[in-house]
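Notes follow the structure.
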Amino acid sequence: MRPGTRKVWLLLHVAISVGWFGGAYAMLVMGVAATTSAGEPLRPAAYELMHLSDRVIMIPGSLGALVTGLVLALRTKWRVLHHWWVVLKLVLTVGGMAFAYACVAHNVRTALAATEHDPAADIGALPANVVSGSAVMLVVLFVITLLSVLKPWGRTRWGRAAARDAARRGAVAPIGRAGAQELGSTP
């Protein structure tokens, strides 16, 4: 990938991911507002906004982050399965998407339906589940962001093999000091 093209994809990935992160924060705030006694009159509106946010922010944001991340991973030196941080980001992204759909979105829809006609309706543990699910999503997205910044743990088995192959061919592999140590040479 050309440097200019890579920068455009990286900008898209970061902007979309930041939007997804912001959407998760907003979902948490709305969930907390819906659980407080002061928020009781606002409860149906809060759940309606959470449902809308899920459809127009969280779902497109997660899909956009996944697609742009895969394009970057497939077309740059990082590759999809060559670095542990990339693998973990992919697993957390897909897992977070599944969790958000199965837990958070489902609980929001159920709470919305239950409080639509009676904001004071007793809906049991649903409000706590909505808040805890939103908090878990925010933590997952924070960990994904942390992995992007720190890039920990080095290369996977496939990444080390690719670096060895590149070194054998005489190609310049951007492995740095950690990669050289993984290959058994000294810097």
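The values are calculated or read from the model by the stated rules, or taken from the named source; none is laboratory data. All of these numbers come straight from a predicted model, not from anything done at the bench. Virtual Cβ from ideal backbone geometry, glycine too; neighbours counted across all protein chains shown.
Quick notes on this one:
- Among (1) on the phi > 0 side of the Ramachandran plot; (2) among the small types (Gly, Ala, Ser); (3) modelled with pLDDT of 90 or more - the single one Gly184 does not satisfy: (3)
- So Gly61, is it surrounded by fewer than 20 Cβ atoms within 10 Å (Cβ to Cβ) and not acidic (Asp, Glu): no
Yes/no matrix, rows are residues, columns are (1) surrounded by 13 or more Cβ atoms within 10 Å (Cβ to Cβ); (2) in contact with a Lys or Arg (Cβ under 8 Å, 6 or more places away or on another chain); (3) not assigned by TED's automatic domain parsing to the domain that holds Met27:
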position: Asp118; (1), (2), (3): no, no, no
position: Ile123; (1), (2), (3): yes, no, no
position: Leu126; (1), (2), (3): yes, no, no
position: Asn129; (1), (2), (3): yes, no, no
position: Ser134; (1), (2), (3): yes, no, no
position: Val139; (1), (2), (3): no, no, no
position: Val143; (1), (2), (3): yes, no, no
position: Ala161; (1), (2), (3): no, no, yes
position: Ala167; (1), (2), (3): yes, no, yes
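- Yes/no for Ala100 being over 12 Å from the mean Cα position of the chain (by Cα), in the same structural domain as Pro119 (by TED's automatic domain parsing), crowded, with 19+ Cβ neighbours inside 10 Å and not acidic (Asp, Glu): no
- Which listed residue is within 20 Å of Pro152 (Cβ to Cβ) and assigned by TED's automatic domain parsing to the domain that holds Val140, from Val56, Val94: Val94
- Arg164 more than 16 Å from the chain's Cα centre (by Cα), among the basic types (Lys, Arg), farther than 30 Å from Glu40 by Cβ and in a helix (DSSP H, G or I): yes
- Residue count for the range 61-100, restricted to those that are touching a residue at least 40 places away in the same chain (Cβ under 8 Å) and part of a helix (DSSP H, G or I): 20
- Residues in the range 15-30 that are over 15 Å from Leu70 (Cβ atoms) and either of a type in the set (D, E, K, R) or out of contact with any Gly (no Cβ under 6 Å at 6 or more places or on another chain) (or both): 11 in all.
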